[in-house]
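Visitor: Dropping a structure here in structure tokens format, bear with me for questions.
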Amino acid sequence: MSRPHVVVVGAGFAGYRAARTLARLTRDRADVTLLNPTDYFLYLPLLPQVAAGILEARRVTVSLPGTLRGVRLVLGEADRVDLDGNVVHYTGPEGGTGTLEYDRLVLAVGSVNKLLPIPGVAEHAHGFRGLPEALYLRDHVTRQVELAAADDDAATSAARCTFVVVGAGYTGTEVAAHLQMFTDRLARRSPLPAGVRPRWILLDVAPRVLPELDRRLSRTAGRVLRARGVDVRMGTSVKEATQDGVLLTDGEFVASRTLVWCVGVRPDPLVEAVGQPLERGRLIVDPFLRMPGRPDVFACGDAAAVPDLRRPGEFTPMTAQHAWRQGRVAGENVAASLGLGRRRRPYRHRDLGFAVDLGGVRAAANPLGIPLSGPAAGAVTRGYHLAALPGNRVRVAADWLLDSVLPRQGVQLGLLRAWSVPLDTASPEVARVPGGPALRGKQSGKGVASGPPAGSDAGPDGEEKSP
């Protein structure tokens with residue numbers, strides 16, 4: 001009798017944990033296949049430090065083949081799931097197609113940038129969901145400061161040194177905090193014209209920074225950002241984006257060459273294409289993470305609307321903490337359904353607290369409900385990340401140590417152009433390349449062409465034009 005085959009789609013927090021749990025519980029009594037566009041798990045919480053030049057990019061990537069022993073990795077993106085035929089259709093990194101048959105399926109495809117119908121945003125803004133976007137942003141910010149230092153026109157120089165971040169949640173707050181410090185260092189190295197200095201603006205329609213967190217953490221984060229000179233504007237967002245700047249909802253036009261879009265996330269378009277009942281774009285599952293009417297299909301992480309048993313009638317939010325824990329429960333319940341593990345159990349959670357890294361030694365944290373700020377919160381935050389990382393701990397700690405004693409490097413690597421990291425993509429973890437295969441597309445989920453689009457910032461030789 002052949003061994004059962006389990007397919008896990010996606011290697012984010014939920015998918016990686018599910019695959020690791022399955023490999024441990026099945027112990028070669030089942031075949032586990034992981035389908036993912038890249039050969040690494042990305043530790044998203046440390047991505048702002050990559051953009052700020054604190055961590056080298058590979059530090060936040062954990063090798064899938066190197067850490068998931070007993071799991072077969074298939075590189076590709078799922079295009080379609082045939083629930084009746086128990087088949088996943090996918091496209092490989094070089095454009096070839098394939099299929100994976102399964103006895104059990106775990107959908108953990110995660111999320112992509114959330115878009116709003118605001119003119120110009122899709123064309124002129126960039127998200128922060130993948131490594132390519134972080135690397136592009138670091139190059140772009142460095143380039144703008146260096147161009148501003150050499151520009152004789154004060155207005156143009158000021159526009160290049162004005163950076164707008166939309167969304168004051170976890171990602172937007174940390175991006176603004178880290179990159180504000182980064183640009184200040186760049187400005188000291190490349191002196192700017194008189195009267196010009198890096199300016200960061202953080203926008204959100206919410207009444208306060210980090211609106212989803214405890215008010216004490218919110219106040220701490222807002223106080224630190226404002227003390228550093230970040231222009232925090234609550235109750236304000238973008239009305240229109242152009243090549244020369246952004247028009248705000250309060251009527252002000254801000255001249256800028258940089259718009260970072262951190263307004264939130266939406267489930268991967270594959271979720272909607274599955275054709276099952278949804279709750280705000282997420283697949284509805286029962287407390288055991290199983291899709292109703294489909295005992296062989298499980299979903300977890302940002303792809304799933306998981307009932308919150310502590311708050312009847314509500315669903316767990318789309319956070320890394322929930323995805324990580326749901327991945328373990330999904331793996332255990334899949335193994336149990338095959339008779340290879342313990343009894344299945346429902347997903348229950350207990351908040352252990354939150355931590356927001358504000359750069360340097362500053363952070364806002366409430367471990368086990370105890371509010372902390374300043375260096376104590378910074379130490380707790382970094383300790384938490386080291387404990388949560390499934391690999392590279394020594395390398396990350398070494399980078400932190402070196403950053404504290406050595407000048408930070410601020411150079412343009414020139415590896416990515418703006419058209420390589422479009423905001424409107426279902427594949428933020430994969431950069432577009434000339435002549436490469438079509439990526440899974442925009443909101444419709446259809447493929448898009450892979451070269452520089454018409455009207456992009458790429459010249460005839462593929463080099464980016466100065467804005």
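Visitor: Give me the angle, in degrees from 0 to 90, between the Cα long axis of helix 320-337 and the longest principal axis of the Cα atoms of the chain, rounded to the nearest 10.
Guide: Taking the Cα atoms of the chain, the angle to 320-337 is about 10 degrees.
Visitor: Can you give me the % of accessible surface on region 199-259 that is carbon or sulfur? Probe 1.4 Å, all protein chains present, nothing else counted.
Guide: 47 percent
Visitor: What full-extension length gain, to one decimal in nm, is calculated for Val361 and Asp424 as 0.36 nm per residue of separation minus the Cα-Cα distance?
Guide: Roughly 19.2 nm would be gained on extension.
Visitor: Roll a 1.4 Å probe over the protein heavy atoms and report the accessible area of Ile370 in Å², nearest 10.
Guide: For Ile370, solvent-accessible area is about 100 Å².
Visitor: Continuing with the same structure: Ranked from highest to lowest mean number of other Cβ atoms within 10 Å per residue, what is the order of the peptides 202-210, 380-388, 129-137, 310-318?
Guide: 129-137, 202-210, 380-388, 310-318
Visitor: Another one. Grab the beta carbon distance between Arg197 and Arg344, set R0 = 60 Å, and tell me the FRET efficiency rounded to 0.05.
Guide: In this case the efficiency is close to 0.55.
Visitor: Just to confirm my numbers, what's the Cα centroid distance between region 182-209 and region 327-347 in Å?
Guide: Between the Cα centres of region 182-209 and region 327-347 lies a distance of 49 Å.
Visitor: Could you give each residue of region 295-307 its phi-based ³J(HN,Hα) in whole Hz, using Karplus coefficients 6.51, -1.76, 1.60 with θ = phi - 60°, and x for Gly or Pro?
Guide: Per-residue couplings from phi come out as x, 9, 10, 10, 9, 7, x, 5, 7, 10, 8, 9, x Hz.
Visitor: Under 5 Å between amide H atoms, partner at least 5 residues away or on a different chain: which partners does Leu73 have, H built in plane at 1.01 Å?
Guide: Here the answer is Leu34, since their amide H atoms fall under 5 Å of that of Leu73.
Visitor: Run the simple label-point estimate for Asp84 and Glu123 please: 7 Å along Cα→C-beta, distance reported in nm.
Guide: Label at Asp84, label at Glu123, 4.3 nm between them.
Visitor: Within a Cβ distance under 14 Å of Arg325, other residues only, what is the Lys/Arg minus Asp/Glu net charge?
Guide: Residues close to Arg325 contribute a combined charge of +3.
Visitor: If you stretched the chain out fully between Ala388 and Thr249, how much longer would it get, using 0.36 nm times the residue separation minus the C-alpha to C-alpha distance?
Guide: 46.1 nm
Visitor: Highest mean first, how do 216-229, 57-70 rank when packing is the count of other Cβ atoms within 10 Å averaged over residues?
Guide: So the order, starting with the most tightly packed, is 216-229, 57-70.
Visitor: Another question about this same structure. Sorting check: for 108-116, 272-280, which peptide has the highest mean count of neighbouring beta carbons within 10 Å, and how do the rest follow?
Guide: Packing proxy ranking, top to bottom: 108-116, 272-280.
Visitor: Residues in region 324-353 near a label at Arg208, defined as backbone nitrogen under 19 Å from the 7 Å Cα→Cβ point?
Guide: 353
Visitor: Out of residues 5 or more away from Thr316 or on other chains, whose amide H comes under 5 Å of its own, with H placed 1.01 Å from N in the peptide plane?
Guide: It is Val306, Asp308, by chain and number.
Visitor: Glu101 versus Val433, label points 7 Å from Cα toward the beta carbon: distance in nm?
Guide: 3.3 nm
Visitor: Rounded, prolate or oblate, given the Cα gyration tensor of region 270-309, with a/c below 1.5 counting as rounded?
Guide: The shape class here is oblate.
Visitor: If Lys and Arg each add +1 and Asp and Glu each add -1, what is the summed charge of the other residues whose beta carbon sits under 15 Å from the beta carbon of Ser157?
Guide: Once positives and negatives cancel, what remains is 0.
Visitor: Then there is this: Whole-Hz Karplus ³J(HN,Hα) for region 149-161, in order, using 6.51 cos²θ - 1.76 cosθ + 1.60 and θ = phi - 60°, x for Gly and Pro?
Guide: Karplus-based 3J(HN,Hα) across region 149-161 equals 5, 9, 8, 7, 8, 5, 5, 5, 4, 5, 5, 5, 9 Hz.
Visitor: Expressed as a whole percentage, what fraction of the accessible surface of region 320-424 belongs to carbon and sulfur atoms when a 1.4 Å probe is rolled over the protein heavy atoms?
Guide: About 60 percent, which is the carbon plus sulfur part of the accessible surface.
Visitor: Roughly what angle does helix 13-26 make with the longest principal axis of the chain, taking Cα atoms, 0 to 90 degrees, to the nearest 10?
Guide: 30 degrees
Visitor: Excluding ligands, DNA and RNA, what is the solvent-accessible area per residue of the chain at a probe of 1.4 Å, expressed in Å²?
Guide: Accessible surface, normalised per residue, equals 43 Å².
Visitor: Given that compact globular proteins tend to follow 2.2 N^0.38 Å, what is the ratio of the alpha-carbon Rg of the chain to that value?
Guide: That ratio works out to 0.98.
Visitor: So, one more: Using only alpha carbon pairs under 8 Å that are at least six residues apart, calculate the relative contact order of the chain and give it in whole percent.
Guide: 19 percent
Visitor: Heavy-atom accessible area of Tyr90 with all protein chains present, probe 1.4 Å, nearest 10 Å²?
Guide: 40 Å²
Visitor: Related question: Need one number: nm distance between label points at Arg216 and Thr242, each 7 Å from Cα along Cα→Cβ, rounded to one decimal.
Guide: Label at Arg216, label at Thr242, 4.7 nm between them.
Visitor: Tally Lys and Arg at +1 and Asp and Glu at -1 over the other residues with C-beta under 14 Å from the C-beta of Trp200: what net charge comes out?
Guide: Result for the neighbourhood of Trp200: +4.
The values are calculated or read from the model by the stated rules, or taken from the named source; none is laboratory data. Note that the structure is a prediction, hence the values are computed from the model and not measured. FYI the Cβ positions are ideal-geometry reconstructions off the backbone, even for glycines, and counts take in every protein chain you see. For accessibility, only protein heavy atoms count, side chains too; no ligands or nucleic acids. Shrake-Rupley method; radii C 1.70, N 1.55, O 1.52, S 1.80 Å.
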